[in-house]
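Rule-based calculations on the coordinates, nothing more; no lab input. Because the structure is a prediction, the values reported are computed rather than measured. Glycine also receives a Cβ, built like all others from the backbone with ideal geometry; neighbour counts cover every protein chain displayed.
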Amino acid sequence: MLSHYPSAYLSLLKNRIDLHHVPFSDRGSRLMVFRNNSHFSVRLAERWFKREGQLAAYRDRPPLIDAWQFTNAEGQPLSVKVTTYPHRVDVETDAGDFCLAFVDSETLLVTLPPQACGLAFRANLDRCQTDRRGGLLRLTGDIRRNIAYTTNAPLLVNDTQALGADSQAVRLGFGAHDGRRALLLNITPRLGFNRWVPDPRAALDAAARRWHAWFEAAPPVSPALQAQYYYAWWIMRAGLISTRFYTTREAMTPSKLFYVGVWQWDAYFHALAYRHMDMHLAKDQIRIVLDHQREDGMIPDAIHDEGTVTRLTYPIEADVTKPPLLAWAAWKLYEADGDREFIDEIYEPVVRSNNWWFAQNDTDNNGLCEYQHPFSSGLDDSPLWDEGMPVESPDLNTYLCLQQEALGRMAQVIGAAAEAELWAGRAQTMADRMLREMWDPQAGLFWASRPPSRARVNVRTPFNLFPLITGRMPPEVSRRLVAHLTDERSFWPRYPVPTVALDDAKYESLTMWRGPTWVNVNYLLIEGLQRAGYAELARELRRRTLEMILGDKDIYEYYQPETGDGPPKAASTFGWSSALFIEMAVAETKEKEHELST
């Protein structure tokens, strides 16, 4: 076995990447390596909308490389023992030890044992051409993907067989060698190939150094949080995708397995974590959504290689965006580094985005905005939308209050004093309007409604409590909202905060926004509790949220609020849950350190 790079971070994450469910991947890569017993496969984190006509078709697309097996000198499949690290996958067999590592975002290196051995796989491509060092495989048509497999080991067998119009079987046999030979797999949409096989030891060492440097740059946290904390940082690096076409900057996907692309409000939460390590990367999560801002100011719902998502026909036809948390997130980046130039760069685009909300989404002209499409809320299947659209919701107007507050601070930074005063006044006006139009003193809640009739949406969600987040509510209103939040029958189970009250008829514990706990909702409420003067309750909610995420080896899109389990349909290796776990772990550690020092 080639020697390991000495790193406590890499050792801490030994076997945290379960290849049956979690892919081996790397920064910027679209390649995902999985395992099914002794077989391996390589899937692509890519949308092929022009070919498949469905935005989510990549989830069901066959792997590009499948039925990958290691074999002995006679070509017989070998049983394997697999050990994973962030930078490598070790495969022990009776014929010797193999190892997988990334050379670059499009290239996998497979180190070979010194004794004679082999490898076989099926490639779901339509053309094949062999040569003395390996071969070239191509997928032609509207979508072009190519594979070059190349070895510097003695190549004794290099057989290929067409299995149909779009599939090729490849069987390789390697002779004995000095132990420093490898197979290179370059999977690329490009016309050119990487066929230069590096020294295996140097390649493995370089991969280890890249990952070690990433983890080392993260702020330290308490020992009890470290294993999940560095796993979260693994997700934040492995989830990055390379620039390509509409993906104008290196950006984080919500999950390479489930959501390939860049979603607007996910990007804002991702940026919060990156600001602790790489401020340029953090700012690029903001910039990429602004790169595709429409002329009227609307920011797309999502961005993928082949285009943007700005209008959908399901479940209704309407423009689609995401909640206006842009200025709120950008201000947090500014607080971390004081970069006035960044604020100057984005100020006008943020203003245009804010103006779009009021110009296009206040249909009854009462100064409060509505969601026109369920997906614009980010709460796709919440019962808030069951009776139709549009819906004037407390969460949206809370976000707009926070956005205008942040715009006021941004205007002050760039020297626009009159605009700063204007935005500060508008933020307070938003809070006053919510109190006047949405507050129900009898129920102690802010209600969503459906204009023009103003019919109340009779479902209790944490979004009925969201004006608390502004920190601008009268003390008695805040007290009533907190009483609802901490009611164990409604919003305060073991792992708060469920996205529908436990005692509401529409509560479903496992269905996305109809019951499960979401980490971003908790994060916003924690910040809101701090702003409203409930610091100890904010700490308690943060502790429970950390405990929930610590309860499983993976990090999920959402959680069952009474058990903390990841529901069956919840995406794994989830970006904003990881990003906000990092945020809360850093805050928890700083707070404990402060307590010990005082």
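Things worth noting here:
- Helix-only mean residue ellipticity at 222 nm for the chain, each DSSP H run of n ≥ 4 adding -39500 (n - 2.57), per residue, nearest 500: -11000 deg cm²/dmol
- Averaged over residues, the count of other Cβ atoms within 10 Å places the peptides 413-420, 233-240 in the sequence 233-240, 413-420, highest first.
- Using C-alpha pairs under 8 Å with a sequence gap of at least 6, the mean separation divided by the residue count of the stretch 8-207 gives a relative contact order of 18 percent.
- When its C-alpha radius of gyration is set against 2.2 N^0.38 Å (N residues), the chain gives a value of 1.04.
- Karplus-derived 3J(HN,Hα), 6.51/-1.76/1.60, for each residue of the stretch 482-492, Hz, glycine and proline x: 5, 4, 5, 4, 8, 6, 5, 7, 10, 10, 10
- Across the options 425, 455, 435, the greatest Cα extent toward the positive end of the charge dipole of the stretch 416-476 (unit charges at beta carbon of Lys, Arg, Asp, Glu) belongs to 455.
- Once C-alpha pairs closer than 8 Å and six or more residues apart are averaged by separation and normalised to the residue number of the stretch 231-597, the relative contact order reads 15 percent.
- Proximal lysines to residue 14, defined as alpha-carbon separation beneath 22 angstrom and excluding residues fewer than eight positions away on the same chain: 81, 256, 553
- Using a Förster distance of 41 Å, the FRET efficiency for residue 280-residue 418 (Cβ separation, nearest 0.05): 0.80
- Sparse packing (at most 14 other Cβ atoms within 10 Å of the Cβ) combined with a DSSP loop state is found for the following GluC sites (Glu not before Pro) in the stretch 485-540: 488.
- Sparsely packed loop sites in the stretch 133-226 (the chymotrypsin sites (Phe, Trp or Tyr not before Pro) outside DSSP H, G, I, E and B with at most 13 other Cβ atoms within 10 Å) comprise 196.
- Among 544-551, 176-183, 267-274, sorting by the average number of other beta carbon atoms lying within 10 angstrom of each residue, highest first, gives 267-274, 544-551, 176-183.
- Electrostatic dipole magnitude of the stretch 8-207 [Cβ: Lys, Arg +1; Asp, Glu -1; Cα centre; debye, to 20]: 540 debye
- In this Cβ point-charge picture (+1 for Lys and Arg, -1 for Asp and Glu), the chain has a dipole of about 1380 debye about its Cα centre.
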